[in-house]
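Let me begin by presenting the structure, written as structure tokens, before commenting on it.
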Amino acid sequence: MSNRAVLYVVATPIGNLEDMTPRAVRVLSSVDLIAAEDTRHSAGLLRHFGVTTGTAAVHEHNEREQIPRLIELLRSGKSIALISDAGTPLVSDPGFRLVRAARAAGVDVVPVPGACAAVAALSVAGLPSDRFAFEGFPPAKAAARRALFAGVHGEPRTLVFYEVPHRIVESLADMASVFGAERPAVFARELTKQFETVRAGTLAELHDWARSDPNQQRGEIVVLVHGAPAEDARAGDAEAERILQLLMAELPISRAAALAAGITGRKKNLLYDRALALAGAGAKPPAPRRKKQQ
Ligand code: SAM
């Protein structure tokens, strides 16, 4: 249809179909192909809006293989719209490799903005929103999850997490233990849908509430955590981390964490998680007395 290759990145609703923008409908109707994360899932949405454009599946398992064919189509002047199952593509959704390849090929990449669960949650949370850090889904395994939380424990910006319902209780428990039971947070579930719930409280309160109500362990969830208090973020964390790193150079992680806790008065489990994160990130300094590598 078009004589100029364009890859449109089109946001779709995260629940309420009224959040579909007229521009999104127009673009989806006018492109030559819709690259959809799940073509069957998107079929209902496209039918609802009378969009008859053909679709091709582009998801995390086939994105790499699909790229050459899609770039070829774009180069030949065809326009493509990328959509995900819900919300904004590339935000905890596939698409970044395709966008990167399209940009590298000199193709225009045009955003068609709309719903995004992280931004929708932030907009109603009442937590500082001038700066925020989107962390996506925390790891499924407890140790990795706690290490990730420990790594952002001193982060002063509001933290935004996606979480799956079957892990929300354990994830909130880990957040409370790593960030502190009293850290303010907001739980945002099923935004724009029938059972929309937005609840503010301390992490301990939100954990107890979600654990005692199975309804809160269903649907789609965003958890927002207030950034670290300024003094935590700066002095305490920096000093504790410096001591921890020095001890890690000489001792096993658990011993280093125990000693660092004794010296700084900070919680041992917090320092242990931080040590794991540092070791995992390769930040552990080399042991001093080892022979220098050539
Ligand atoms: N690309 C999407 C976006 O723009 O938000 C996110 C896709 S990610 C695979 C799905 C996760 O987003 C869910 O597990 C949940 O954490 C969050 N999410 C999506 N829709 C939501 C909603 N209506 N209410 C709350 N969270 C939602």
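The values are calculated or read from the model by the stated rules, or taken from the named source; none is laboratory data. Note that the structure is predicted; figures quoted are calculated from it, not measured. Quick reminder, even Gly has a Cβ in these numbers, built from the backbone with ideal geometry, and neighbours come from all protein chains shown. We work out accessible area using only protein heavy atoms, side chains counted, and drop any ligands, DNA or RNA first. Shrake-Rupley method; radii C 1.70, N 1.55, O 1.52, S 1.80 Å.
Values as computed for the structure displayed
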read-out: Tally, over the range 15-36, of residues that are touching a strand residue (DSSP E or B) at 6+ places or on another chain (Cβ under 8 Å) and either over 27 Å from SER76 (Cα atoms) or open to solvent by 40 Å² or more (accessible area, probe 1.4 Å) (or both); value: 4
read-out: Candidates LYS193, LYS267, filtered to the one that is charged (D, E, K, R) and away from the ligand (no atom under 16 Å from the Cβ); value: LYS267
read-out: Total residues in the range 41-72, condition touching a strand residue (DSSP E or B) at 6+ places or on another chain (Cβ under 9 Å) and open to solvent by 50 Å² or more (accessible area, probe 1.4 Å); value: 3
read-out: Condition check for ALA150: under 27 Å from LEU270 (Cα atoms), modelled with pLDDT under 95, away from the ligand (no atom under 16 Å from the Cβ) and of a type outside the set (Asp, Glu); value: yes
read-out: Any hit, the range 123-141, residues being part of a helix (DSSP H, G or I), within 15 Å of the ligand (Cβ to nearest atom), outside the structural domain of ALA35 (by TED's automatic domain parsing) and surrounded by fewer than 22 Cβ atoms within 10 Å (Cβ to Cβ); value: yes
read-out: When residues of the range 74-97 are limited to those that are more than 19 Å from the chain's Cα centre (by Cα) and crowded, with 19+ Cβ neighbours inside 10 Å, the one nearest to the ligand (Cβ to nearest atom); value: LEU82
read-out: Enumeration of residues in the range 194-216 that are within 23 Å of PHE134 (Cβ to Cβ) and open to solvent by less than 60 Å² (accessible area, probe 1.4 Å); value: THR197, GLY201, THR202, LEU203, LEU206, HIS207, ALA210, GLN216
read-out: Verdict on VAL186 being modelled with pLDDT of 85 or more, touching a His at 6+ places or on another chain (Cβ under 9 Å) and closer than 30 Å to ALA125 by Cβ; value: yes
read-out: Within the range 104-121, tally of residues that are open to solvent by less than 20 Å² (accessible area, probe 1.4 Å) and away from the ligand (no atom under 11 Å from the Cβ); value: 2
